[in-house]
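The values are calculated or read from the model by the stated rules, or taken from the named source; none is laboratory data. The model shown is predicted, which means the values in this text are computed figures rather than measured ones. Cβ placement follows ideal geometry from the backbone for every residue including glycine, while neighbour counts extend to all protein chains displayed. The protein model used for the area step is the full one, side chains on, heavy atoms only, and it has no ligands, DNA or RNA in it. Shrake-Rupley method; radii C 1.70, N 1.55, O 1.52, S 1.80 Å.
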Amino acid sequence: MSKEKVLEVWGPLYGGASKTSDPNVTLPFVVRKDTVEVSAKGELVRVVEPAIERVTPQCPHFGTCGGCQYQMIETHQQGDVKRQVLWDQLNSAGITFPVEIPAHSGEGYGYRNRIRLRIERVEGELRLGYNVRATTEFLPIVTCTIAAPILWSTAEALLNAAKLDDDVAFWMNAASEVEIFCNDDLTRVQVTLLCAPRTKVKQGSLARCFTAARKMAPQIVALAAIASDARTGPTGRTLDAVGAAGLNYRVLGETYWISRGGFFQVNRFLLETLVALVCEDEGKPRSGSVAWDLYAGVGLFSRVLARRFARVVAVEANATAAADNRAALRTISAAHEAVTSTTWDFLREAMVQRERPELIVLDPPRAGADVDACELLLRLEAREMVYVSCDPTTLARDLAVLQRGYRIRALHVVDLFPQTSHIETVVVLERKG
């Protein structure tokens, strides 16, 4: 006798799964109002009656690949899903926030300006791919629909060049991963090969590899091989490099120099929207005397703020990114400063200094700012803060501290990662009293 049962899908949970009419069953790859059949183990068997919002995924690897979770939902409706997830996370943490949460969406496919692919041999042939969902098993792929087209064409060119050139073959076999990054107009590409730290570098080999690869992909303007530990990732040591030391990337009239390996936001369609939400207040530029940009990276926000504030202090732990930002800020005004420091160390030191900012922008990694840093932020009593978050759980934790001295005036979902469950949030906080 079959123990399969039919359930209704009720709504999304953080991480990509959804609630169903059975409180003990959550399912991936389903849409609210789907009617589904599940096995006795609580696994999806089939969609009995699809919701009207369900669409056909564009990627042949969807469901197997670990990269995307939402391709069965129309792109602009994914913002609504993420808004609901954010609402649930903040509400459960006791955060007081506006009823209205605008969701900002862009193009759903071809949006990534950077991808990192695994390199493996499958049946004697070099293949590129990602992980199988929820495993570390290698999944060879034939396309990546969320990547800018030039990224995948570059990846294919590297595979083809490896079949024809010994130096390309050597480096592609030496690497466990390849990262490909493009500029804003898709004309220039930077390729970084992640290799074992003990890889023996043959003199001139990477330069010859670069020349051979460019014959098939002339958009490649930089090639580097960096040491990467199998367990801990990139070590920061460059084995060899040829071509440009970085790429220029234009956003809202600003040109950002991103040195090799530097971080930059990946959604090429929504960068202007993100910058505007952070640096403007309902269409009017934020301006004043002093602004701090914490976790500043290469200065996506501080560069814009530097044209509107008398003094901007940008804080970044990565020395290369901080140096890139410092050089650019000095061309605007000698009053601006880029500090190489962790945000925690900077805030501790700032407590004994006299300078107090009117605006603080913070864009921490997924771990968030943390409770101790938020306690220091409260003591600074800035008039306004703009918190850019990529994780609603750590955002809720930090807001629970900050709301003792601030109220949330505006809350935005910015869907920087369509087709995935990742949520980017911009929170505008104003000082109480």
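Can you spot a residue in the stretch 23-42 that is in a strand (DSSP E or B), of a type outside the set (Asp, Glu), over 18 Å from Arg133 (Cα atoms) and open to solvent by 50 Å² or more (accessible area, probe 1.4 Å)? Show your work before the answer.
So the first thing to find is which residues in the stretch 23-42 are in a strand (DSSP E or B), and the list is 26-27, 35-38.
From the residues that got through so far, the ones that are of a type outside the set (Asp, Glu) too are 26-27, 35-36, 38.
Right, trim to over 18 Å from Arg133 (Cα atoms) and you get 35-36, 38.
Within this subset, residues satisfying the condition of being open to solvent by 50 Å² or more (accessible area, probe 1.4 Å) are none.
Taking every residue of the stretch 23-42 in turn, none turns out to be in a strand (DSSP E or B), of a type outside the set (Asp, Glu), over 18 Å from Arg133 (Cα atoms) and open to solvent by 50 Å² or more (accessible area, probe 1.4 Å).
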Output for the stretch 163-176, where each listed residue is assigned to a strand (DSSP E or B) and buried (at least 17 other Cβ atoms within 10 Å of the Cβ): Ala175
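Does Ser259 satisfy being farther than 20 Å from Asn173 by Cβ, in contact with a Gly (Cβ under 8 Å, 6 or more places away or on another chain) and surrounded by fewer than 19 Cβ atoms within 10 Å (Cβ to Cβ)? Before the answer, list the steps.
Working: farther than 20 Å from Asn173 by Cβ: yes; in contact with a Gly (Cβ under 8 Å, 6 or more places away or on another chain): yes; surrounded by fewer than 19 Cβ atoms within 10 Å (Cβ to Cβ): yes.
It is true that Ser259 is farther than 20 Å from Asn173 by Cβ, in contact with a Gly (Cβ under 8 Å, 6 or more places away or on another chain) and surrounded by fewer than 19 Cβ atoms within 10 Å (Cβ to Cβ).
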Hey, Ala323 on the phi < 0 side of the Ramachandran plot, in a loop (DSSP other than H, G, I, E, B) and open to solvent by 10 Å² or more (accessible area, probe 1.4 Å) or not: no
Residue, most open to solvent (accessible area, probe 1.4 Å), within the stretch 64-78, restricted to residues that are closer than 20 Å to Trp10 by Cα and assigned to a loop (DSSP other than H, G, I, E, B): Glu74
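Can you name every residue in the stretch 102-154 that is among the basic types (Lys, Arg), in contact with a Ser or Thr (Cβ under 8 Å, 6 or more places away or on another chain) and not in a loop (DSSP other than H, G, I, E, B)?
Of the residues in the stretch 102-154, the ones among the basic types (Lys, Arg) are 112, 114, 116, 118, 121, 127, 133.
Next cut, in contact with a Ser or Thr (Cβ under 8 Å, 6 or more places away or on another chain) only: 118, 133.
Within the stretch 102-154, Arg118 is the sole residue that qualifies.
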Leading residue by the ranking (farthest from Glu282 (Cα to Cα)) among those in the stretch 422-433 that are part of a loop (DSSP other than H, G, I, E, B) and open to solvent by 10 Å² or more (accessible area, probe 1.4 Å): His422
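Filter the stretch 186-239 down to the residues that are among the hydrophobic types (A, V, I, L, M, F, W, C), in a loop (DSSP other than H, G, I, E, B) and free of Cβ contacts under 8 Å to residues at least 60 places away in the same chain and list them by number. Lay out the reasoning, then the answer.
Taking the stretch 186-239 as the starting set, the residues that turn out to be among the hydrophobic types (A, V, I, L, M, F, W, C) are 186, 189, 191, 193-196, 201, 206-207, 209-210, 212-213, 216-217, 220-227, 230, 239.
When the remaining residues are screened for being in a loop (DSSP other than H, G, I, E, B), the result is 186, 196, 201, 217, 230.
Across the stretch 186-239, the qualifying residues are Leu186, Ala196, Val201, Ala230.
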Test: residue in the stretch 99-116 that is among the aromatic types (Phe, Trp, Tyr) and either modelled with pLDDT of 95 or more or within 21 Å of the chain's Cα centre (by Cα) (or both): yes
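Does Phe309 satisfy being out of contact with any helix residue (DSSP H, G or I) (no Cβ under 6 Å at 6 or more places or on another chain), open to solvent by 30 Å² or more (accessible area, probe 1.4 Å), more than 26 Å from Gly236 (Cβ to Cβ) and of a type outside the set (D, E, K, R)? Explain how you work it out, then say what you get.
Working: out of contact with any helix residue (DSSP H, G or I) (no Cβ under 6 Å at 6 or more places or on another chain): yes; open to solvent by 30 Å² or more (accessible area, probe 1.4 Å): no; more than 26 Å from Gly236 (Cβ to Cβ): yes; of a type outside the set (D, E, K, R): yes.
No, not satisfied.
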Neighbours by Cβ (under 8 Å, 6+ apart or cross-chain): first from the stretch 132-150, farther than 16 Å from Pro60 by Cβ; second open to solvent by 20 Å² or more (accessible area, probe 1.4 Å) and among the small types (Gly, Ala, Ser): Ala134/Gly66; Thr135/Gly66
Residues satisfying the stated conditions in the stretch 359-389, i.e. within 22 Å of Gly297 (Cβ to Cβ), surrounded by fewer than 20 Cβ atoms within 10 Å (Cβ to Cβ) and among the hydrophobic types (A, V, I, L, M, F, W, C): Ala367, Leu376, Leu380
Phe269 being modelled with pLDDT under 95, under 16 Å from the mean Cα position of the chain (by Cα) and open to solvent by 60 Å² or more (accessible area, probe 1.4 Å): no
Among the candidates Ala369, Ala350, Ala382, Ala410, residue that is at pLDDT below 95 and either aliphatic (A, V, I, L, M) or touching a helix residue (DSSP H, G or I) at 6+ places or on another chain (Cβ under 9 Å) (or both): Ala350
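Would you mention how many residues in the stretch 274-320 are assigned to a loop (DSSP other than H, G, I, E, B) and under 21 Å from Thr425 (Cα atoms)?
First, the residues of the stretch 274-320 that are assigned to a loop (DSSP other than H, G, I, E, B): 282-283, 286-287, 295-301, 306-308, 317-318.
Now restrict to residues that are under 21 Å from Thr425 (Cα atoms): 282-283, 286, 295-301.
Within the stretch 274-320, residues that are assigned to a loop (DSSP other than H, G, I, E, B) and under 21 Å from Thr425 (Cα atoms) number 10.
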Single match in Val99, Val81, Val85 (criterion: open to solvent by 60 Å² or more (accessible area, probe 1.4 Å), aliphatic (A, V, I, L, M) and either on the phi < 0 side of the Ramachandran plot or assigned to a loop (DSSP other than H, G, I, E, B) (or both)): Val99
Count of the stretch 279-303 residues which are surrounded by fewer than 24 Cβ atoms within 10 Å (Cβ to Cβ) and among the β-branched types (Val, Ile, Thr): 1
Residues of the stretch 102-113 that turn out to be farther than 18 Å from Arg32 by Cβ, open to solvent by 30 Å² or more (accessible area, probe 1.4 Å) and in contact with a strand residue (DSSP E or B) (Cβ under 6 Å, 6 or more places away or on another chain), as a count: 3
